[in-house]
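Enquirer: Structure below; questions to follow.
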Amino acid sequence: MIVLRRLATALPVIAGVIVVTFLLTRALPGDPAVYFAGPAATEQAIEEIRHRLGFDRTLPVQFFDYLQRLAHGDLGTSLTTGQPVTTELLTRLPASAELMLLALFLSVAIAVPLGIAAAMRPGSPVDHACRIITTAGVSLPTFFTGLLLVYVFYYLLGVAPAPLGRLDVFDSAPPQHSGFYLIDSLLAGDFETFRAALAQLVLPAATMAIFTLAPLARITRAAMLGALGSEFIRTARASGLARHRVVFVYAFRNAVLPVITTLGMVFSFMLGANVLVEKVFAWPGLGSYAVEALIASDYAPVQGFVLMMALLYVLLNLVIDLVYGLVDPRVRLEA
Amino acid sequence: MTATLRHARYVLSENPVTAFAFALFFLLALCAALGPALAPFDPLASDTAEALTGPSAVHWFGTDQLGRDIFSRIVVATRLDLGIAVTSVALAFGIGTLLGLAAGYCGGWIDRIVGRAVDTIMAFPLFVLAMGIVAALGNNVANIVYATAIINLPIYARLSRSEANVRRNAGFVEAARLCGNGEARIVLAQLLPNIMPLMMVQVSLTLGYAILNAAGLSFIGLGVRPPTAEWGIMVAEGASFIVSGEWWVAFFPGIVLMSAVFCFNLMGDGLRDIVDPLRRT
Amino acid sequence: MIGDGNTVPLLAVEDLGIEFHTRSGTVRAVDGIGFELRRGETMALVGESGSGKSVTAYAIMGILDAAARITSGTIVFGGLELLQASERAIAEIRGRELAIIFQNPRTALNPIRPVGKQIADILLRHGNVTAAQAPSRAIEMLARVRIPDPERRARSYPFELSGGMCQRVMIAMALACAPQLLIADEPTTGLDITTQAVIMDLIAELAASQKMATLLITHDLGLASEYCDHIAVMHAGHIVETAPTVALFAAPHHPYTAKLIAATPGGAPSLDTLAAIPGALPDLRRADLPLCRYSERCERAAPACLDRPLPHRAVGEGRGVACHFPL
C-alpha cells in the first residue's frame, strides 16, 4: 500500500521528466532533422528523416508519437553505431551499475564509521580528520581526483592496472549472467578474472567514493552528535544500559535517518560523476557512451541517456523513501 | 551593522582557515580582474621546441603539448572560469530568489507552478541535466552559463520560498501592509533584505559548485573549445599525458580549480558561522 | 518515621559542590549541600528554576553533562561512594538499585523503538531474565503502571501515546528492577492537572508497596507537601532548610522558606495574599557571590550574612537551617 502510494507521488515527477526530455529533443537550434540525419545526409535523406521522426507535424502530435515510441522502448538510433539506442544503453548499464554500486559501498563503509567515531570523540584527531575530509572532499573535482589516483597508483607506484576499462586486454569477460563481472566471475568459479576485474574497478570506484564520502561523513557526524546529546540517550544511560547498546541500537538507529535522506543527493551526484569517471578510466558504460555521442553530434544517444538517468534517479529516490519508511515508524504509521 | 562586523572579525580571528579563504578569494578576484596583464607569457603562443617541459624557473608550471606556458594559461583562465560561475550563479540567484519569494509569499497557483517547475528540475541528476541542456541548445559558452544557472535555480527558489512562507505573516510585514505598501514593495523592500544573509551563504557555496560544474562540462568537451584557456579543458588536455608521466599539464590547472572551489566552500562556511551559528554542522 | 527503622541512611550526600565551565564563565551551580535519605522515605528537593536541584539529581545518577566538574563532597549510596566508584560499578547499580524519571516523558523515550522493547532492554541488562522472558515481563510492568491493554501497548511507539502514558512507561522502566531509590525529576511538569495527580499517586503507591525511597525534585512546594515526608529547600545551589513537611509548614525557620510558603497557592488564605518573592537568583558566575546567596534578596540581611561562612544549624528533630538569623 505504501509502495503504491509512493509510486503514485512519483508519477507526476516522471511525467515532468518525460516532458522536459521531449522538449530537449526539440530545442535544437535550427532544423532538428538536419541534426538527426547527420552531416553527410543529402536533401532527400533529410526529408525522409523529417517525415520518419515526425518533425513535419505539430508539436502535440510529435509529443504523442514520442510517448508511443517510449512505450515501445524506442529511443531512436545512434548515428555513429547504427544500433538502437535502447539496446546500447541496456548493454552498457551493468558496467556503470557495477562501478556505482562499488563506489557507494566504499563510500558508506568509510564515511559512516568515520562519522560515528568523530561524533563519539569530539576534538580528537579523528574528529579533525573527519572535518578536513568533509570540507576537502566536496572541493575535489572528480575528474582531477581520478587523474591523480592514476598518476600515483599506476604511474608512480605501479600497483594499479592501466586505466583502460573493465578488463585488461589479455583477460576475457566471464560468461554473462548479470553483466557484473565480479558476480559473473564468482559464479563461474574464475578467481583470476575476479581479481583482474576488481583491480580495474578499484581506482574508478575510489574516485567516485572520495567525493560522496564527504557529505555522508558530515551528516553521520552531525546526526550522531545530535542523537548522542538527546534526552532519550540520557534516559538510556541513566538506565545503565551497556555502552554499545546505547551507541548503536539507540543513538545510531536514530542518526541513520538523515543519512538515508542524504543518499538521495549522493545518487544525484553519482549519476552525473559517472560521465566524468568513465571518461578518465575509459570505462565502457553509459557515461562514456553519452560523451562519445555528444562529441560526434549524435543526439539520440545523448537524449536517451538523459532520460534513462532521470528515470533511474526517480527509481532510486523511491527506494530511499521506502527504506526510510521502513526504519522510521513515525512515517510508516502516520501515513 | 558594526555589531555584525565585530562578530565577523571575531569569527575570522577564531578561524584562521576562514580568513585564509577570504584572502584566497581576493587573490582569485585579482587574477580575474587583471588577467592577461599578470601573465608572463602569451597564453596562446605555442612554441613546439619547448613542448612538455616540466616546471622550471622560466615556466613555473611547465609547458603543455604545444609549448604554451601553463602558468599564464591558468592565470588568464581565471577570468573565464570565475566569469562563468559568477554569471550563472547571479542568474540562478536572481531568478530563483524572486520566483521563490513570489511562491512563498503569494501561495496559490504561483506556488504550485513554481513548485512543479522546481521539482521537475530536481528530478534529474543535475550534471546530466546540464549536459542535456547544452547538447540541446548548442555547444557554446553561453549555454554552459544558462545550463549551470538552471540547475542551481531550485536551491534559491526553495530557500527563499520557505523563508518567505515563514515570514509572510510576521509583525513587520503586517505593519508594512497596514502602512499601505503594495505587495510587490513588501516583497522587495521588506522580505528580501531580511533573508539576504542566508542567501549570501548559499551564493558562496553555489559558486564552488558552479565552478566544478562548468569545469566538468568542459572536461567532457562541452562549451569551451581549444585553444581557449579554461581550467577544465586544460585538465582534459593534460589527461592523456598522465600515463606517460608528464603530470604538470593536468596537475596545476586541477589544483588551482580545486583551490578555487575550496575557497568558496570555506567562505560559505565562514559566512554561515557569521550569519547563523545555529546551523553549523 | 516511616520505613523499616534502619538508621543507616540509604543515600547520604555531604558537602557536594558542582561547577560548570561555560564560555561566559564558571557557574558554581551547587555549593556544599548535604542531606540524607533513609529506606522507604520520601523527600523533596524544592527550589526555583536554576537552584541546582536537577544538577544534584544528575550528580547522584552520574549523568552530568561533560562540562560539569564535581569540586567537592561525597555521595554514599547503600555503602558505595558513588563519586569514587568505577564506571563499571556505577553502571551496575544505575537502573537497578538507583533509578530516575525525567520531565518531558515523550522526548525522554527512544522515538523509534517500541516501548515494550525499551523496558525489556532494561530487564535484560539488570534483571535475571532470559531473552524469552523479557517481553512478557515488560508487559507485566506496563500492567503494573496501569496502562490499559498492555499487550498491544507494548508494541506502540512513544509518539502514539499520550504524555501521561509516556510517563507511566518511564515509571515502568525505572521500577522494572525494583530499585531502592527512585529520583523523580519534575515528573509532572508538562502534564495536565488531573494527570499530575494520577501519576503522583501511582508513584506513591508503587513506592510504598516496594518499600522504595523517593527523592522528588520539584519547584512546586504544594506538590512536595502532599507527597513527601521531608522537604529540603534549595536556593541558588545551597540547601537553606530541611525539615519534616508538617513541621516546615507549621514553622519555617528560613526567610526564603517562609516566602515560598506564602507564595504557594493553598498555603495562603486567598489569592490576594499570595506573595511574590522579590529579586531573582544571583548570577552564579560571579566571583564576588556573598557567602549567603539569599542575602541580596533578604529583608533580614546583615553584614555578617555576606562574609561569615554559612552555618548549618540543627534546630530540632531532623531539622536543619542555613541562616545566621533564622526565624
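Taken together, the values in this text are just the output of simple stated rules run on the coordinates, not laboratory data. All values derive from a computational prediction rather than experimental measurement. Don't worry about glycine lacking a Cβ; one is built from the backbone with ideal geometry, like all the others, and counts go over all protein chains shown.
Enquirer: Projected onto the charge dipole of region B:34-268 (+1 at Lys/Arg Cβ, -1 at Asp/Glu Cβ, origin at the Cα centre), which of B:N169, B:P197, B:A92 gives the Cα projection farthest towards the positive end?
Expert: Selected residue: B:N169.
Enquirer: Using only Cα atoms, figure out Rg for the protein assembly as shown and give it as a multiple of 2.2 N^0.38 Å.
Expert: Working: Rg = 35.0 Å, N = 943, 2.2 N^0.38 = 29.7 Å.
Ratio of Rg to 2.2 N^0.38 Å for the protein assembly as shown: 1.18.
Enquirer: Same structure again: Using helices alone, I'd like the mean residue ellipticity at 222 nm for the protein assembly as shown: each DSSP H run of four-plus residues gives -39500 (n - 2.57), total over residue count, nearest 500.
Expert: Numbers: 36 runs with 542 residues, N = 943.
Dividing the helical sum by the residues of the protein assembly as shown leaves -19000 deg cm²/dmol.
Enquirer: Near C:M200, within a Cβ-to-Cβ distance under 11 Å, what is the net charge of the other residues, with Lys and Arg +1 and Asp and Glu -1? Working shown, then result.
Expert: Numbers: positive: none; negative: C:D201, C:E205, C:D220, C:E226.
Neighbour charge sum, excluding C:M200 itself: -4.
Enquirer: Hey, another quick one. What helices in chain B pass both tests, a Cα length along the helix axis of 20 Å or more and a mean Kyte hydropathy of 0.0 or higher, using whole DSSP H runs? Spell out each step's value before the answer.
Expert: Values: long enough: B:16-34 (27 Å, 2.39); B:70-106 (52 Å, 1.54); B:108-122 (21 Å, 0.48); B:141-167 (39 Å, 0.49); B:192-219 (39 Å, 1.29); B:248-275 (40 Å, 1.39).
Counting only whole DSSP H runs, the qualifying helices are B:16-34, B:70-106, B:108-122, B:141-167, B:192-219, B:248-275.
Enquirer: Which log10 I(q)/I(0) values does region B:34-268 give at q = 0.10, 0.12 Å⁻¹ under the Debye formula, counting every alpha carbon as one identical point scatterer?
Expert: -0.56, -0.72
Enquirer: To continue, here is another question. Using only C-alpha positions, report the orientation-averaged shadow area of the convex hull of region C:170-299, nm², one decimal. Mind showing how you got there, number by number?
Expert: Working: hull surface 39.5 nm².
Mean projected area for region C:170-299: 9.9 nm², to one decimal.
Enquirer: Among A:S139, B:I113, C:A132, which residue has its Cα positioned farthest towards the positive end of the charge dipole of the protein assembly as shown, with +1 placed on the Cβ of Lys and Arg, -1 on the Cβ of Asp and Glu, and the dipole taken about the Cα centre?
Expert: C:A132
Enquirer: What is the helix-to-structure angle for C:115-126, meaning the angle in degrees between its Cα long axis and the longest Cα principal axis of chain C, kept from 0 to 90 and rounded to the nearest 10?
Expert: In chain C, helix C:115-126 runs at an angle near 80 degrees to the longest axis.
Enquirer: Here's something else I'd like to know. Determine the shape class of region B:38-77: with a ≥ b ≥ c the square roots of the Cα gyration tensor eigenvalues, call it rounded for a/c under 1.5, and otherwise prolate if a/b is greater than b/c, oblate otherwise. Could the numbers behind the result be given before it?
Expert: On the way: a/c = 1.91, a/b = 1.26, b/c = 1.51.
Because a/c hits 1.5 or more and a/b fails to exceed b/c, region B:38-77 counts as oblate.
Enquirer: From the backbone phi of region C:191-196, what are the Karplus-calculated ³J(HN,Hα) couplings (6.51 cos²θ - 1.76 cosθ + 1.60, θ = phi - 60°) in whole Hz, Gly and Pro given as x?
Expert: Those phi angles translate into 9, 6, 4, 5, 5, 3 Hz.
Enquirer: Right, something else. Quick one: in chain C, what % of C-alpha pairs are over 28 Å apart? Please list the in-between numbers first.
Expert: Working: 22795 of 53301 pairs.
Every Cα pair in chain C considered, those over 28 Å come to 43 percent.
Enquirer: Compute the separation of the alpha-carbon centres of region B:256-270 and region B:109-124 and state it in Å as a whole number.
Expert: Using only Cα atoms to place each centre, the spacing works out to 30 Å.
Enquirer: On alpha carbon coordinates alone, what is the Rg over Rh value for chain A, Rh being the Kirkwood radius?
Expert: Values: Rg = 23.8 Å, Rh = 22.8 Å.
Answer for chain A: 1.04.
Enquirer: Hey, another quick one. Counting just the Cα atoms, what span does region C:1-159 cover along each of its three principal axes? Round to the nearest Å and put the largest first.
Expert: Taking the Cα atoms of region C:1-159, the three principal extents are 48, 45, 31 Å.
Enquirer: For chain C, the longest stretch holding no GluC sites (Glu not before Pro) located in a DSSP loop with at most 16 other Cβ atoms within 10 Å is which?
Expert: C:49-298
Enquirer: Could you list which residues have their amide H under 5 Å from that of C:I183, counting only those 5 or more apart in sequence or on another chain, with H placed in the peptide plane?
Expert: C:A99, C:I100, C:I101, C:L215
Enquirer: Using the 2.2 N^0.38 Å rule of thumb for compact globular proteins, work out how region A:25-147 stacks up: its C-alpha Rg over that value, please.
Expert: Working: Rg = 24.3 Å, N = 123, 2.2 N^0.38 = 13.7 Å.
The reported ratio for this selection is 1.78.
Enquirer: Please provide three numbers in whole Å: the alpha-carbon extents of region A:186-269 along the principal axes, with the largest listed first.
Expert: Result, largest extent first: 54, 30, 16 Å.
Enquirer: Search the structure for amide H atoms under 5 Å from the amide H of C:G32, placed 1.01 Å from N in the peptide plane, and list their residues when 5 or more places away or on another chain.
Expert: HN-HN under 5 Å from C:G32: C:L16, C:G17, C:I18.
Enquirer: Further question: How charged is the neighbourhood of B:F127? Take every other residue with its Cβ under 14 Å from the Cβ of B:F127, and add Lys/Arg as +1 and Asp/Glu as -1. Numbers along the way, then the final one.
Expert: Working: positive: A:K279; negative: A:E278.
In short, 0.
Enquirer: Right, next: When the dipole is taken about the Cα centre of the protein assembly as shown, and only Lys, Arg (+1) and Asp, Glu (-1) are charged at their Cβ, what size is it in debye, to the nearest 20?
Expert: For the protein assembly as shown, the charge dipole is close to 1480 debye.
Enquirer: Under unit Cβ charges (Lys, Arg +1; Asp, Glu -1), what dipole magnitude, rounded to 20 debye, does chain A have relative to its Cα centre? Mind dumping the intermediate values first?
Expert: Values: 22 positive and 22 negative charges, 371 e Å.
Dipole of chain A, to the nearest 20 debye: 1780 debye.
Enquirer: Taking 4 °C and 1.567 mPa s as the conditions, I'd like the Stokes-Einstein D for region C:10-92 in µm²/s, using the Kirkwood hydrodynamic radius from alpha carbon pairs.
Expert: On the way: Rh = 13.5 Å.
Value of D from the Cα-based Kirkwood radius: 96 µm²/s.
Enquirer: Continuing with the same structure: Nearest 20 debye, what's the magnitude of the dipole of region B:34-268 about its Cα centre given +1 on Lys and Arg Cβ and -1 on Asp and Glu Cβ? Spell out each step's value before the answer.
Expert: Values: 12 positive and 14 negative charges, 213 e Å.
Here the size comes out at about 1020 debye.
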